[in-house]
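Q: This is the structure, below, for whatever I ask next.
The values are calculated or read from the model by the stated rules, or taken from the named source; none is laboratory data. For clarity, every value in this text was computed on a predicted model and none was experimentally measured. Cβ: placed from backbone, ideal geometry, glycine included. Neighbour counts: every protein chain shown.
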Amino acid sequence: MATNTDQARLPTSGERTVISRPTLERDEPDHISIPDRGIETPVVYVDTVDEKIFQEGLANGVVHYPNTPLPGEFGNPYIFGHSSDYAWKKGDYKKIFKPLVDIPLGTTIRITDHDGQLFVYKVIETKIVGPKDVSVLDQYSYERKMLTLQTSWPVGTALKRYIAIAELDQTATYGPDTNQNTNQ
């Protein structure tokens, strides 16, 4: 996926990198993009922990788990999406998180909030857990700015969950031509 960015310059020793705010191709709020994996999708916010509501949300993108923080906030926003789904089910996002499986550490994840403000995360850990393992909802005592993405694993089943854990990239700040985002 293409992004619009101004050129960045390499920092001198001890200087923080300053880049202009990269924008998603459609520059819409509530989107997640993982360019290295060809993933771009809406983030659907639901307010109830209910399988039927989750499935309705998944027909329209990936789903933000209720009562977890929003992108950029302290804690751990938890977002899940399909790696595969039944061909007869509605929606264009039945395999949207299939490329998430085996995502390399250090991969950039870009996510916009309700206002279209961009937050950049870097993958720091991946793991496979059981379908009832709620440890992935850990909020890190609300002292870190994390993001957890989840999809089913192995692809084509719902036996386990593939988890990618990312942390907000604290090194990036965005230039004066944008909403000032210091990611802090």
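Q: Would you point out which residue out of ILE163, ILE103, ILE109 is modelled with pLDDT of 95 or more, assigned to a loop (DSSP other than H, G, I, E, B) and surrounded by 17 or more Cβ atoms within 10 Å (Cβ to Cβ)? Reasoning before the result, please.
A: Values: ILE163 fails: assigned to a loop (DSSP other than H, G, I, E, B); ILE109 fails: assigned to a loop (DSSP other than H, G, I, E, B).
The conditions single out ILE103.
Q: For the range 12-51, what are the residues that are on the phi > 0 side of the Ramachandran plot, at pLDDT 90 or above and not acidic (Asp, Glu)? Full working, then the answer.
A: The first filter runs over the range 12-51 and keeps only residues on the phi > 0 side of the Ramachandran plot, leaving 14, 27, 30, 38.
Applying the additional criterion that residues be at pLDDT 90 or above yields 30, 38.
Answer for the range 12-51, where residues must be on the phi > 0 side of the Ramachandran plot, at pLDDT 90 or above and not acidic (Asp, Glu): just GLY38.
Q: Separate question: Among the residues of the range 107-127, how many are over 13 Å from PRO77 (Cα atoms), under 11 Å from the mean Cα position of the chain (by Cα) and acidic (Asp, Glu)?
A: Residues meeting the conditions: 0.
Q: Do we have any residue at all in the range 87-105 that's without any contact (Cβ under 8 Å) to a residue 12 or more places away in the chain and either under 21 Å from ASP47 (Cα atoms) or within 14 Å of the chain's Cα centre (by Cα) (or both)?
A: No: the range 87-105 contains no residue that is without any contact (Cβ under 8 Å) to a residue 12 or more places away in the chain and either under 21 Å from ASP47 (Cα atoms) or within 14 Å of the chain's Cα centre (by Cα) (or both).
Q: I've got another one for you. Looking at the range 134-146, I want the residues that are farther than 15 Å from ARG161 by Cα and have a partner that is loosely packed, with under 14 Cβ neighbours inside 10 Å with Cβ atoms under 6 Å, at least 6 apart or on another chain. Which pairs are those?
A: From residues that are farther than 15 Å from ARG161 by Cα, the pairs are MET146/TYR140.
Q: Just one of PHE54, PHE74, PHE80, PHE97 is exposed (fewer than 15 other Cβ atoms within 10 Å of the Cβ), at pLDDT 95 or above and aromatic (Phe, Trp, Tyr); which is it? Walk me through it before giving the result.
A: Values: PHE54 fails: exposed (fewer than 15 other Cβ atoms within 10 Å of the Cβ); PHE80 fails: exposed (fewer than 15 other Cβ atoms within 10 Å of the Cβ); PHE97 fails: exposed (fewer than 15 other Cβ atoms within 10 Å of the Cβ).
Answer to the check: PHE74.
Q: May I ask you to say which residue of GLY91, GLY72 is on the phi > 0 side of the Ramachandran plot and out of contact with any Phe, Trp or Tyr (no Cβ under 9 Å at 6 or more places or on another chain)?
A: Values: GLY72 fails: out of contact with any Phe, Trp or Tyr (no Cβ under 9 Å at 6 or more places or on another chain).
The match here is GLY91.
Q: Further question: Restricting the search to the range 41-66, which residues are in a loop (DSSP other than H, G, I, E, B) and touching a residue at least 12 places away in the same chain (Cβ under 8 Å)? Working first, answer last.
A: Initially, the range 41-66 is screened for residues in a loop (DSSP other than H, G, I, E, B), giving 46-50, 59-61, 65-66.
Those that are in a loop (DSSP other than H, G, I, E, B) and touching a residue at least 12 places away in the same chain (Cβ under 8 Å): VAL46, ASP47, THR48, VAL49, ALA59, ASN60, GLY61, TYR65, PRO66.
Q: In the range 128-156, what residues are assigned to a strand (DSSP E or B) and more than 16 Å from the chain's Cα centre (by Cα)? Walk me through it before giving the result.
A: Initially, the range 128-156 is screened for residues assigned to a strand (DSSP E or B), giving 128-129, 145-153.
Across the range 128-156, the qualifying residues are ILE128, VAL129, TRP153.
Q: Identify all residues within the range 67-100 that are under 14 Å from GLN139 (Cβ atoms) and assigned to a strand (DSSP E or B); write none if there are none.
A: If the condition is that a residue be under 14 Å from GLN139 (Cβ atoms) and assigned to a strand (DSSP E or B), then GLY75, TYR78 are the ones that fit.
Q: Return the residue satisfying two criteria in turn: it lies in the range 136-152 and is exposed (fewer than 14 other Cβ atoms within 10 Å of the Cβ) and of a type in the set (Ser, Thr, Tyr), and of such residues it is nearest to GLY81 (Cα to Cα).
A: Only one residue tops the list, namely TYR140.
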